[in-house]
Amino acid sequence: MNRYVLVCILDDQILKFHEKIRNDVCTKFNKKPQKLPAHFTIKAPFETEEIDDMLEVLDEFSKVRKKAPIKVEGFGKFREDVVYMNINLSYEAKKIHDELIDELAKIPWIEFKSNEGKNKTFHCTIVSKRIKDKFKEIWEYVNQYECSFENYFDNISLYKWENNTWKLYKEFKL
């Protein structure tokens, strides 16, 4: 079985900001960094041998959609387990996302958990692995940064788990 994840990669300005803040946090608080560049998740990691079904859906979907604005604004958290940058989708971007979820849901082997699908919290994780012991310090640290970017939901990027890291398998531009 091959393991994949489906995401939207954020632009260079956000990638650089995310990489800096993630590396600072991981170094300063001795935490492990995630292995994906700055992104928001469309479909959390899943396993399949039938990826061609998804590639077909993504190819068709991306041909008839145009990019839509999003904003990366401030920081958020899930309990004391995850610190992230907030992502606010415009009405148009949310519509594209939800239509994509509907199309993906037609693939027989795809399953969406309750925190996936249409009503998830859109975010870009900074740090999430075993952080409870330093959560308060990490939260205070990231909140001294100004985080405000305009961007687009302009790609659907499929990554494959290979050699203990995520590698870009195929990118679809909107």
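Dividing the helix sum by the residues of the chain, where each DSSP H run of 4 or more adds -39500 (n - 2.57), gives a mean residue ellipticity at 222 nm of -9500 deg cm²/dmol. Each of Glu47 and Asp102 was given a label point 7 Å from its Cα along the Cα-to-Cβ line. The distance between the two points is 3.2 nm. For the pair Leu15 and Lys66, label points projected 7 Å from Cα toward Cβ lie 2.5 nm apart. For the stretch 2-64, trypsin sites (Lys or Arg not before Pro) are listed when DSSP marks them as loop and at most 10 other Cβ atoms sit within 10 Å of their Cβ; the list is empty. One way to sum up the overall shape of the stretch 13-74 is the equivalent ellipsoid from its Cα gyration tensor, whose semi-axes run 30, 18, 8 Å, largest first.
Placing pseudo-labels 7 Å out from each Cα toward the beta carbon at Glu137 and Thr27 gives an inter-label distance of 1.6 nm.
Each reported figure results from applying straightforward, stated rules to the coordinates on display, with no laboratory input. Fair warning: this is a prediction, and the values are worked out from it, not measured in the lab. Reconstructed Cβ throughout: ideal geometry from the backbone, glycine too, with neighbour counts over all protein chains shown.
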